[in-house]
Amino acid sequence: MIPRFKLSPSGPEVSALAYGLWRLADDPAGTSTARVREKIETCLEVGVTTMDHADIYGLYTCEGLFGRMLREAPQLRDRMEIVTKCGINVPCAHRPGVHARNYDTTGPAIERCVDRSLRELNTDRIDVLLIHRPDWLTSAEETARGLQRVVQAGKVRSVGVSNYTTHQFALLAHFLGRVPVTNQVEVSLLRMDAIYDGTLDQCQAAGVHPMAWSPLGGGRLLSGHDEASARTRTALARVSADLGVSAEQVALAWVTMLPSRPQVVIGTNQPSRIRDAAGGARLVLSREQWYALWEAAQGRNIP
Amino acid sequence: MIPRFKLSPSGPEVSALAYGLWRLADDPAGTSTARVREKIETCLEVGVTTMDHADIYGLYTCEGLFGRMLREAPQLRDRMEIVTKCGINVPCAHRPGVHARNYDTTGPAIERCVDRSLRELNTDRIDVLLIHRPDWLTSAEETARGLQRVVQAGKVRSVGVSNYTTHQFALLAHFLGRVPVTNQVEVSLLRMDAIYDGTLDQCQAAGVHPMAWSPLGGGRLLSGHDEASARTRTALARVSADLGVSAEQVALAWVTMLPSRPQVVIGTNQPSRIRDAAGGARLVLSREQWYALWEAAQGRNIP
Amino acid sequence: MIPRFKLSPSGPEVSALAYGLWRLADDPAGTSTARVREKIETCLEVGVTTMDHADIYGLYTCEGLFGRMLREAPQLRDRMEIVTKCGINVPCAHRPGVHARNYDTTGPAIERCVDRSLRELNTDRIDVLLIHRPDWLTSAEETARGLQRVVQAGKVRSVGVSNYTTHQFALLAHFLGRVPVTNQVEVSLLRMDAIYDGTLDQCQAAGVHPMAWSPLGGGRLLSGHDEASARTRTALARVSADLGVSAEQVALAWVTMLPSRPQVVIGTNQPSRIRDAAGGARLVLSREQWYALWEAAQGRNIP
């Protein structure tokens, strides 16, 4: 089974892999309740219990597709942790009052989003609510108060952030009076910024597991035509052959092995790939393999 | 009237707009005492009470022009807060001992600058003294001791910095034993670095209002020929038309609305533009307008 | 004689210049014990008492060349401080188990490296052990525990880091329960990053002297053909003529004068250049000279 850990000292227990729902509405096999349920039951069966949502996924439709399934199979709710995100407004039929893209992480906006997410997801609580993007127009104090209110109301169990810089993370922690339970950021062989810029160091210091989105570079790692992707793919193939595992498993292990122990978000619509990813969740690369992959991705020797 | 606030918990009360004197010597209408007084009285009349000087403005001449006016109208002194800056040496007739550009923020240099500024400005105290630029050759401890001396001597009421990184700000605060009352940095639709690099976050955490210089991008925003300026101007015109205010008011509001609530420094020599800026000091853009301006300036959607 | 200071409040007393052994194996005059001893005795004679090693210098051979000399002249040991570094694995005859480049700063790796360095150097203690490079695959807590073990075992007197970001430095300090005694980073007229990015500010706040490697830009400063080197060389020549000292002395003084007071690592194999560098160890440039060199190196006026 997949390893489990507390997301942070004050956060929920989660699985080392999270299932990302952002492509739920784009499944070529459709969005029927049966199809959604097939994927979620596959996750639960292999031990992927963390469901990573955002109100905006599928232009505000994915939470609803998931909730429709939960209404049919409410017994699944207690077997999972639901993460969702709020704060991005994009004009569309589901956001009638919105006429231009913006971020809104004021207290009232957070409360409105949480109420809608609860309804859409057909659940009575969100395990982890994340601020989706830093909102440059709202004071961290205001956002912190909004987050505290939805926690005090019992609607949200714990709160975190996504795509925050170290400064933004520290500032929100200051006003929250506690450390956010995670910072969900992009990390992969093709996107290493968080390794160098302090984001993962900050998590390590606080005992917080970051969440890693796009651990396969949004697919580029396995099928991109750029030089970095091609180089990395060749190196992945070598390790993959040496260990007798899939290239995707190697790429995910490269991220999960980082010392901050990121919870990696996989986003596939194929149950077989969920199983494959889960099968590699305990994979440990040798130090030489890990650094060889770094060198392939960067196109240079380690300094 | 223009909103007022304390620059920091230990700083003076100031107006949300500051008047920058850096072009005082370049006024096409001249530098007569009458002309200087006309502009300053316009400021005071509309509620712009913070005068933002630096010893080096006008190659060390602007403080003197201002002081000549104050000698004639000493009753104005108590109606304003005087900010000035020290630390930049440029060879010229007013710096006879200086043969090459350098920064000097040692204790003796600070004391010399303060004494000269008091004389030039014809006043008995500086409300806020800022270190103009980080001086890479002087220890923060030395600078802190110099700043403490001019405060203890009663010549300076409070001290801050300008153009400091977050690391430099924290280091000086460490040796000062208190947080600088502001960090005056460049912020505008055309210069957003301070929004992302932690500078404004640090101010927000400390309850310090940053000061924003060049809020119109040094004029580029209203008349620049580059693509970013042109795109932003088009967006400003739209908001300006929608709200029935000037484009300049919109551009200033974009900065004042930032959650760290910058005190914005306007630098015009035209009394009519002082009045116009003041007239927009309470302007609040909608969240959608604010983010639309961000997108126009950046030439891309918010992420 | 060369100034001396404590490397940090809890670190050893060292000389303001350190002698870098990284080219010891490349000396055109050979690597005989007599030749090595000639250089080291020159250092000690002029007051350069800090010997800066790394296990990997000369592809794991330099420590051994030095140790062979120490075996012949053991009385020299107590007249010097030995710094060495660990953590880089490169495949070669001296690292039989290593098949691909990697960093390893786990506890066992640190202990193994220290034991080997003690043997190679023919000494019973290392005065300062540095982690050579940030190892992205090892938790700071694990590295801290390894460092504590070699200190507790009496093999290492104090520990520091090299090439660490401010975040990595703070994270290791957090788990060590104390500040590393130094951060050895590249600083020179041609490499000023550490001046701006907080690295030297962090040292200044902690009372830690950074160590500066490649203070002559790896030789580029005195013989490089790029524009920045050429411009800087012209400016160095001017100051050098004005002060009647060598250009190299001026370039080293430019670094030692930084307010964090870096311990500068010189790496020459020529005894005459050791003497020359030492002769300039108390050189103080004027503020105007220092900034003029900055401007020459950057190719622009100070802002």
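Got a number for residues in region B:45-58 being farther than 22 Å from B:LEU118 by Cα, of a type outside the set (Asp, Glu) and either out of contact with any strand residue (DSSP E or B) (no Cβ under 6 Å at 6 or more places or on another chain) or open to solvent by 30 Å² or more (accessible area, probe 1.4 Å) (or both)?
Total meeting the criteria: 1.
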**Message:** Yes or no: region A:104-118 includes at least one residue that is touching a Phe, Trp or Tyr at 6+ places or on another chain (Cβ under 7 Å) and open to solvent by less than 20 Å² (accessible area, probe 1.4 Å).
**Reply:** no
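Please verify whether region C:240-248 includes one or more residues that are of a type in the set (S, T, N, Q), touching a Ser or Thr at 6+ places or on another chain (Cβ under 7 Å), within 11 Å of chain B (Cβ to nearest Cβ) and open to solvent by 10 Å² or more (accessible area, probe 1.4 Å).
Quick first cut of region C:240-248, residues of a type in the set (S, T, N, Q) only: C:240, C:246.
Right, trim to touching a Ser or Thr at 6+ places or on another chain (Cβ under 7 Å) and you get C:240, C:246.
Keeping just the survivors that are within 11 Å of chain B (Cβ to nearest Cβ) gives none.
No - not one qualifying residue is present in region C:240-248.
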**Message:** Could you go through region A:150-157 and let me know if any residue there is within 14 Å of another protein chain (Cβ to nearest Cβ) and either buried (at least 21 other Cβ atoms within 10 Å of the Cβ) or aromatic (Phe, Trp, Tyr) (or both).
**Reply:** no
**Fill in**
When (1) touching an Asp or Glu at 6+ places or on another chain (Cβ under 8 Å); (2) without any contact (Cβ under 8 Å) to a residue 40 or more places away in the chain; (3) part of a helix (DSSP H, G or I); (4) under 22 Å from C:ASP201 (Cβ atoms) are applied to B:THR138, the one that fails is (3)
**Fill in**
Here the residues within region C:158-196 that are open to solvent by 30 Å² or more (accessible area, probe 1.4 Å), part of a helix (DSSP H, G or I), more than 14 Å from chain B (Cβ to nearest Cβ) and of a type outside the set (A, V, I, L, M, F, W, C) are C:HIS174
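Going by what's in this entry, would B:VAL284 be described as within 14 Å of chain A (Cβ to nearest Cβ), open to solvent by 20 Å² or more (accessible area, probe 1.4 Å), without any contact (Cβ under 8 Å) to a residue 40 or more places away in the chain and outside any helix (DSSP H, G or I)? Quick ask: steps written out before the conclusion?
Details: within 14 Å of chain A (Cβ to nearest Cβ): yes; open to solvent by 20 Å² or more (accessible area, probe 1.4 Å): yes; without any contact (Cβ under 8 Å) to a residue 40 or more places away in the chain: yes; outside any helix (DSSP H, G or I): yes.
Yes; evaluated as a whole, the condition is true for this residue.
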**Prompt:** Among the numbered criteria (1) at pLDDT below 95; (2) assigned to a helix (DSSP H, G or I); (3) touching a strand residue (DSSP E or B) at 6+ places or on another chain (Cβ under 8 Å), which single criterion is violated by C:LEU252?
**Reply:** (1)
**Request:** Output the number of residues of region C:31-54 satisfying the condition of being in a loop (DSSP other than H, G, I, E, B), closer than 18 Å to C:ARG71 by Cα and either touching a Cys at 6+ places or on another chain (Cβ under 6 Å) or of a type outside the set (Ser, Thr, Tyr) (or both).
**Result:** 1
**Prompt:** Would you call B:PRO303 surrounded by fewer than 21 Cβ atoms within 10 Å (Cβ to Cβ), within 11 Å of chain A (Cβ to nearest Cβ) and in contact with a helix residue (DSSP H, G or I) (Cβ under 8 Å, 6 or more places away or on another chain)?
**Reply:** no
**Message:** Go through region C:60-91 and report how many residues are surrounded by fewer than 16 Cβ atoms within 10 Å (Cβ to Cβ) and within 14 Å of chain A (Cβ to nearest Cβ).
**Reply:** 2
**Message:** Quick check on B:THR143: is it touching an Asp or Glu at 6+ places or on another chain (Cβ under 9 Å), outside any helix (DSSP H, G or I) and of a type in the set (Ser, Thr, Tyr)?
**Reply:** no
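Within region C:121-143, track down each residue that is surrounded by fewer than 24 Cβ atoms within 10 Å (Cβ to Cβ) and either facing chain A (nearest Cβ under 9 Å) or touching a strand residue (DSSP E or B) at 6+ places or on another chain (Cβ under 9 Å) (or both).
If we filter region C:121-143 for residues that are surrounded by fewer than 24 Cβ atoms within 10 Å (Cβ to Cβ), which is where we start, we get C:122-125, C:127, C:132-133, C:136-139, C:141-142.
C:THR123, C:ARG125, C:ASP127, C:HIS132, C:ARG133, C:TRP136, C:LEU137, C:THR138, C:SER139, C:GLU141, C:GLU142, listed by residue number.
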**Asked** Is it true that B:ARG157 is more than 19 Å from B:GLY20 (Cα to Cα) and either under 19 Å from the mean Cα position of the chain (by Cα) or at pLDDT below 95 (or both)?
**Response** yes
**Prompt:** For region A:92-100, does any single residue satisfy the condition of being at pLDDT below 95, farther than 24 Å from A:MET211 by Cα and in contact with a Ser or Thr (Cβ under 9 Å, 6 or more places away or on another chain)?
**Reply:** yes
**Request:** Provide a single number: the residues in region B:197-232 that are more than 14 Å from chain A (Cβ to nearest Cβ) and of a type outside the set (A, V, I, L, M).
**Result:** 15
**Item:** First in region C:238-252 and more than 11 Å from C:LEU222 (Cβ to Cβ), second anywhere and charged (D, E, K, R), Cβ under 8 Å, 6 or more apart
**Value:** C:GLN249/C:ASP276
**Asked** Is it the case that region B:258-277 has a residue that's among the hydrophobic types (A, V, I, L, M, F, W, C), surrounded by 18 or more Cβ atoms within 10 Å (Cβ to Cβ), within 11 Å of chain A (Cβ to nearest Cβ) and assigned to a helix (DSSP H, G or I)?
**Response** no
**Request:** Being under 21 Å from the mean Cα position of the chain (by Cα), aliphatic (A, V, I, L, M) and part of a loop (DSSP other than H, G, I, E, B) is the filter here, so list the residues in region B:90-135 that pass it.
**Result:** B:VAL90
**Request:** Go through region C:93-102 residue by residue and tally those that are within 14 Å of chain A (Cβ to nearest Cβ) and touching a Phe, Trp or Tyr at 6+ places or on another chain (Cβ under 9 Å).
**Result:** 4
**Single match in C:THR199, C:THR232 (criterion: open to solvent by less than 40 Å² (accessible area, probe 1.4 Å), among the hydroxyl-bearing types (Ser, Thr, Tyr) and within 24 Å of C:ALA54 (Cβ to Cβ))** = C:THR199
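Quickly run through region A:203-229 and pick out the residues that are aliphatic (A, V, I, L, M), closer than 13 Å to A:LEU189 by Cβ and crowded, with 17+ Cβ neighbours inside 10 Å. Reasoning before the result, please.
Here is the first cut: in region A:203-229, the residues aliphatic (A, V, I, L, M) are A:205-206, A:208, A:211-212, A:216, A:221-222, A:228.
If we keep only those that are closer than 13 Å to A:LEU189 by Cβ too, we end up with A:212, A:216, A:221-222, A:228.
Across region A:203-229, the qualifying residues are A:ALA212, A:LEU216, A:LEU221, A:ALA228.
Could you list, in sequence order, all residues of region C:26-44 that are open to solvent by 40 Å² or more (accessible area, probe 1.4 Å) and either of a type in the set (D, E, K, R) or in contact (Cβ under 8 Å) with a residue 40 or more places away in the chain (or both)?
C:ASP26, C:PRO28, C:ALA29, C:ARG37, C:GLU38, C:GLU41
The values are calculated or read from the model by the stated rules, or taken from the named source; none is laboratory data. Model, not experiment: these values are computed from the prediction. Using ideal geometry, Cβ is built from the backbone for each residue, glycine included, and neighbour counts are taken over all protein chains shown. With ligands, DNA and RNA removed, areas are computed over all heavy atoms of the protein, side chains included. Shrake-Rupley method; radii C 1.70, N 1.55, O 1.52, S 1.80 Å.
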